[in-house]
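Notes to accompany the following structure.
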Amino acid sequence: MLPPVIMSGYWPKDEVPRDVFSLLYFTEGAFIAIDGRSIEGEPYQRDIWRQSIGGDRSSSVFALAETFVDLVEAPERLLT
């Protein structure tokens, strides 16, 4: 497991303007098992993190203490 990443900032993916605060743990390797049976597949790099925390990151990630806050009035600089 890689060191944790703290994400804090504007979340542009919703219709309602929001800020997000999250503690993310990425890994380069992982596996999933259901009822003791392994599921095939490998983690891969994703570009969805470039805007929020920078760079391509693994598809294998879990978030702890994730909080979304609706902004009553979004700062104009965030909406452009």
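The values are calculated or read from the model by the stated rules, or taken from the named source; none is laboratory data. Because the structure is a prediction, the values reported are computed rather than measured. Methodologically, a virtual Cβ is constructed for each residue, glycine included, from the backbone with ideal geometry; neighbour enumeration extends over all protein chains shown. To get the accessible areas, we keep the full protein, side chains included, count just its heavy atoms, and leave off ligands, DNA and RNA. Shrake-Rupley method; radii C 1.70, N 1.55, O 1.52, S 1.80 Å.
Residues of segment 1-44 that are closer than 15 Å to Ser58 by Cα, among the charged types (D, E, K, R) and either in contact with a Ser or Thr (Cβ under 8 Å, 6 or more places away or on another chain) or surrounded by 14 or more Cβ atoms within 10 Å (Cβ to Cβ) (or both): Glu28 alone. Of the residues making up segment 63-80, just one is modelled with pLDDT of 65 or more, open to solvent by less than 90 Å² (accessible area, probe 1.4 Å) and not in a strand (DSSP E or B), namely Leu71. Tell me, please, whether a residue that is among the small types (Gly, Ala, Ser) and either assigned to a strand (DSSP E or B) or over 13 Å from the mean Cα position of the chain (by Cα) (or both) can be found in segment 40-50. The answer is yes; a qualifying residue exists. Taking the criterion of being among the basic types (Lys, Arg) and either at pLDDT below 90 or over 16 Å from Met7 (Cβ atoms) (or both), the residues of segment 30-60 that qualify are Arg37, Arg50.
Beta carbons closer than 6 Å, at least 6 apart along the sequence or on distinct chains, pair a first residue in segment 49-74 that is within 12 Å of Tyr10 (Cα to Cα) with a second that is of a type in the set (Asp, Glu) for Val69/Asp19.
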